[in-house]
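What follows is a short report on a single structure.
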Amino acid sequence: MSDKNNANVKFLHEFVDPIVERGLWNKRHTRSTGRTGEVDDPEESATLLDHLVSATDDKTVIRDELLNLLLAGRDTTAHAITAIMYFLVTEEPQIMTTLRKEILDVVSSGMTVSIFDQIKEMKSESSRQRLVAAHHITIP
């Protein structure tokens with residue numbers, strides 16, 4: 001690792017390490033109270049960190065997995081949004097027009113419900129996403 005990256009890596013580790021420590025502390029604490037510390041029921045409100053600490057106690061492995069998933073997830077999401085916009089604007093402008101109207105109609109109707117509820121009202125949205133996903137592979 002080059003010297004100019006050391007400060008950035010140190011910053012990341014200082015941010016993530018306390019989170020990893022807390023996850024491991026929670027695991028040890030649940031063991032001392034008689035629980036296994038493992039996630040038995042996927043319906044439980046378990047976090048990614050809970051799953052990682054149930055698999056290993058190695059702080060470096062947990063930190064590396066967290067960073068890998070979070071950073072890769074950001075890149076994949078950004079690529080998916082870019083691909084969707086490119087496809088809609090360049091290849092299917094009539095879909096873009098319909099979708100834009102639908103978004104404006106639903107969102108403009110007021111903010112009395114959550115954004116998630118508003119998105120559920122958008123009937124065209126999920127079919128557009130499936131169409132774009134079929135045409136543009138997000139992961140190489």
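Every number in this text was worked out from the coordinates using simple rules, so none of it is lab data. Just so it is clear, the model here is predicted, and its values are computed rather than measured. Virtual Cβ from ideal backbone geometry, glycine too; neighbours counted across all protein chains shown.
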### Query
Hey, rough spin-label estimate for Thr60 and Ile103, points 7 angstrom out along Cα→Cβ, what's it come to in nanometres?
4.5
#### Entry: Nearest-0.05 FRET efficiency for Asn26 and Ala78, computed from C-beta distance (R0 30 Å)
0.45
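Just subtract the alpha-carbon distance of Thr47 and Phe11 from 0.36 nm times their residue separation and send over the number in nm, one decimal. Could the numbers behind the result be given before it?
Numbers: separation 36, 0.36 × 36 = 12.96 nm, distance 2.32 nm.
That works out to 10.6 nm of additional length.
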